[in-house]
Amino acid sequence: MAKYLIEGGNKLSGRVAISGNKNAALPCLAACLLTSQEVVLHNIPQILDVVSSLDILKELGAQVDFQGNTARINCKAIKHHDLPESLANKLRASLLFVGPLLARFGKVEFPHPGGCVIGKRGIDLHLSGFQQLGYTTHENNFAYKITRNRVVPSEVHIFLDIATVTGTENLILASVIRDGKTVIRNAAQEPHVVDLCRMLTLMGAKIYGIGTSTLTIEGVKELSGTEFTISPDHIEFGTYAIAAGLTGGEVELVGCQTVDSDPVIWPMMKMGLSITPQDESIKVTGKKFTAISPKLVTGVWPGFPTDLMSAMIVLSTQAKGVSLLHDWIFESRMFFVDKLITMGANITIADPHRVIVSGPSRLQGKKLESPDLRAGMALVLAALVAEGQSVIDRAELIERGYEDVVVKLASLGAKIQRIDN
Ligand code: EPU
């Protein structure tokens, strides 16, 4: 395990490049299984979750070449249809290989996926969607077996009672090659779902309603290879915007002009951060906080993303006033705030989904452990404004989703160092 040593108190300034969207890269990598031709994906971030997904592809028999931020994948010679437990346990997105394996081979066995422990994270909506698409599902002690029925329905209407992101993606992946039409209502509309649909369309899939909550998919016989560029990561964009705001710095975020930033930046702008598009970047200036966002509730896109909630809690500790922050999506998202409290933050945990933050608080550097990806990054942000030194252990959890975090923060003037334990 590695740790970060951070000496707080430096204003961040300069330019930083925003990487490709992790949660788009992962389903797009899984989508490579849908064709026997080569797929070239650009702007794939060098992060641990990508490495784990590529390991799954290799284990299944794919040829993988990953250099810089470009991955070349060929799934012509797939040997296995089952997901190995040791790899599937590493990330929730291992689940995204199920849809393509079903579409291509009609059967799959897999263990319950791993990933960040931020709540119950069931897979019932994935399974019931597969059943509606004409598959039989068996579960035994958190191991799943799915097989295609003899008769498959030609027209399927799936209503998701939660707009699940990977659930929507999995059902799209299972539907694009099929003899029939699939309609998914209350589909997730996150930018990563849109990226996946765009890539599949380039491969020859017929998907209508992209970016809306109703997707209609007319199955085709086969898909071809393609070349596709992953969009910039709106969560990384929001994280560095918060870092600039928190430290009172001025940072230009480069390569992210195409990010749909409205859902991400509105609460930050309400708090006084200046966020302005430039020719080749988006500039964030955090000179002073003018207000606190009195209430912030996460939502499905275009709502405020749950993956930025932990960072927003840290930002709120530095603003003046009282704020209620509410994440109804995950039951354990808020549990990391006890660590901020030990640093000196004034936070009351109202219930598993809501915290009340009173600011501003002086934070003190502490020795802490990263509990999950987003909470770990939030602790890094807190350490950047804390007095004295902080040590953030289990830094690999942060590196699952943030590319070159130490290099990027150091280039902006943060005193941060990575040490292997
Ligand atoms: N849910 C169910 N049953 C299901 C599926 C979901 O009850 O079958 C519930 C979940 O327990 C949760 C809610 O529905 O309460 C929403 O979960 P969702 O399925 O949308 O989450 P996910 O697909 O597992 C993706 C991202 C997460 C992000 C969420 C919400 C990927 C690989 N992961 O997870 O990203 O928080 O959507 O936007 O796309 C992260 O990047 O740090 C991360 C956790």
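The values are calculated or read from the model by the stated rules, or taken from the named source; none is laboratory data. The structure presented is a predicted model; accordingly, all values stated were derived computationally and were not measured. Quick reminder, even Gly has a Cβ in these numbers, built from the backbone with ideal geometry, and neighbours come from all protein chains shown. Ligands, DNA and RNA are stripped out before the accessible areas are found, and what is left, the full protein with its side chains, is counted by its heavy atoms. Shrake-Rupley method; radii C 1.70, N 1.55, O 1.52, S 1.80 Å.
Considering (1) open to solvent by 60 Å² or more (accessible area, probe 1.4 Å); (2) within 19 Å of the chain's Cα centre (by Cα); (3) modelled with pLDDT under 95, say which one residue 259 fails and leave the rest.
(1)
How many of the residues in the range 323-337 are within 17 Å of residue 358 (Cα to Cα) and not in a helix (DSSP H, G or I)?
Residues that pass the stated criteria total 4.
Could we say that residue 232 is open to solvent by 10 Å² or more (accessible area, probe 1.4 Å), within 15 Å of the ligand (Cβ to nearest atom) and touching a Cys at 6+ places or on another chain (Cβ under 7 Å) here? Break it down stepwise before answering.
Numbers: open to solvent by 10 Å² or more (accessible area, probe 1.4 Å): yes; within 15 Å of the ligand (Cβ to nearest atom): yes; touching a Cys at 6+ places or on another chain (Cβ under 7 Å): yes.
So residue 232 passes the test.
If I ask for residues that are assigned to a strand (DSSP E or B), away from the ligand (no atom under 16 Å from the Cβ), touching a strand residue (DSSP E or B) at 6+ places or on another chain (Cβ under 6 Å) and open to solvent by 10 Å² or more (accessible area, probe 1.4 Å), which ones from the range 351-379 would you list? Give the steps one after another, and end with the answer.
Filtering the range 351-379 down to residues assigned to a strand (DSSP E or B) leaves 351, 354-359, 364, 367-369.
Still in the running and away from the ligand (no atom under 16 Å from the Cβ): 355-359, 364, 367-369.
Checking the rest, the ones that are also touching a strand residue (DSSP E or B) at 6+ places or on another chain (Cβ under 6 Å) come to 355-358, 364, 367-369.
Those that are assigned to a strand (DSSP E or B), away from the ligand (no atom under 16 Å from the Cβ), touching a strand residue (DSSP E or B) at 6+ places or on another chain (Cβ under 6 Å) and open to solvent by 10 Å² or more (accessible area, probe 1.4 Å): 356, 358, 364, 367, 368, 369.
Checking residue 252 against (1) acidic (Asp, Glu); (2) part of a strand (DSSP E or B); (3) surrounded by 24 or more Cβ atoms within 10 Å (Cβ to Cβ), only one condition comes out false. Which one?
With respect to (1) acidic (Asp, Glu); (2) part of a strand (DSSP E or B); (3) surrounded by 24 or more Cβ atoms within 10 Å (Cβ to Cβ), residue 252 is out only on (3).
If residue 101 passes every condition in (1) within 16 Å of the ligand (Cβ to nearest atom); (2) open to solvent by less than 50 Å² (accessible area, probe 1.4 Å) but one, which one does it miss?
(1)
So residue 68 passes all but one of these: (1) open to solvent by 40 Å² or more (accessible area, probe 1.4 Å); (2) within 16 Å of the ligand (Cβ to nearest atom). Which condition number does it fail?
Condition (2) is where residue 68 drops out.
Of the conditions (1) open to solvent by less than 80 Å² (accessible area, probe 1.4 Å); (2) within 22 Å of residue 198 (Cβ to Cβ), residue 185 satisfies every one except a single condition; which number is it?
(1)
If you scan the range 125-171, which residues turn out to be within 16 Å of the ligand (Cβ to nearest atom), closer than 16 Å to residue 108 by Cβ and among the hydrophobic types (A, V, I, L, M, F, W, C)?
127, 130, 133, 142, 146, 171
Please work out which residue is nearest to residue 281 (Cα to Cα), limiting yourself to the range 1-36 and to residues that are in a loop (DSSP other than H, G, I, E, B) and within 16 Å of the ligand (Cβ to nearest atom). If you could, list the steps in order and put the result at the bottom.
Keep residues of the range 1-36 that are in a loop (DSSP other than H, G, I, E, B), which gives 1, 8-12, 18-19, 21, 35-36.
Subsequent filtering for residues that are within 16 Å of the ligand (Cβ to nearest atom) retains 18-19, 21.
Numbers: 18: 10, 19: 13, 21: 17 Å.
Out of the qualifying residues, it is 18.
Of everything in the range 399-421, what is open to solvent by less than 10 Å² (accessible area, probe 1.4 Å) and touching a Gly at 6+ places or on another chain (Cβ under 8 Å)? Give them in sequence order.
412 - this is the single residue of the range 399-421 that is open to solvent by less than 10 Å² (accessible area, probe 1.4 Å) and touching a Gly at 6+ places or on another chain (Cβ under 8 Å).
Return the residue satisfying two criteria in turn: it lies in the range 22-65 and is among the hydroxyl-bearing types (Ser, Thr, Tyr) and open to solvent by 10 Å² or more (accessible area, probe 1.4 Å), and of such residues it is nearest to residue 101 (Cα to Cα).
Start the filter on the range 22-65 by keeping residues that are among the hydroxyl-bearing types (Ser, Thr, Tyr), which leaves 35-36, 52-53.
Still in the list and also open to solvent by 10 Å² or more (accessible area, probe 1.4 Å): 36, 52.
Details: 36: 12, 52: 17 Å.
Filtering first and then ranking leaves 36.
Can you pull out every residue in the range 296-322 that is of a type in the set (Val, Ile, Thr), within 16 Å of the ligand (Cβ to nearest atom) and part of a strand (DSSP E or B)? Before you say what the answer is, go through the steps one by one.
If we filter the range 296-322 for residues that are of a type in the set (Val, Ile, Thr), which is where we start, we get 297-298, 300, 306, 313-314, 317, 322.
Narrowing further to those that are within 16 Å of the ligand (Cβ to nearest atom): 297-298, 300, 306, 313-314.
If the condition is that a residue be of a type in the set (Val, Ile, Thr), within 16 Å of the ligand (Cβ to nearest atom) and part of a strand (DSSP E or B), then 297, 298 are the ones that fit.
I need the full set of residues from the range 380-398 which are β-branched (Val, Ile, Thr) and open to solvent by 10 Å² or more (accessible area, probe 1.4 Å), in order please.
Within the range 380-398, the subset β-branched (Val, Ile, Thr) is 380, 385, 391-392, 398.
Answer for the range 380-398, where residues must be β-branched (Val, Ile, Thr) and open to solvent by 10 Å² or more (accessible area, probe 1.4 Å): 385, 391.
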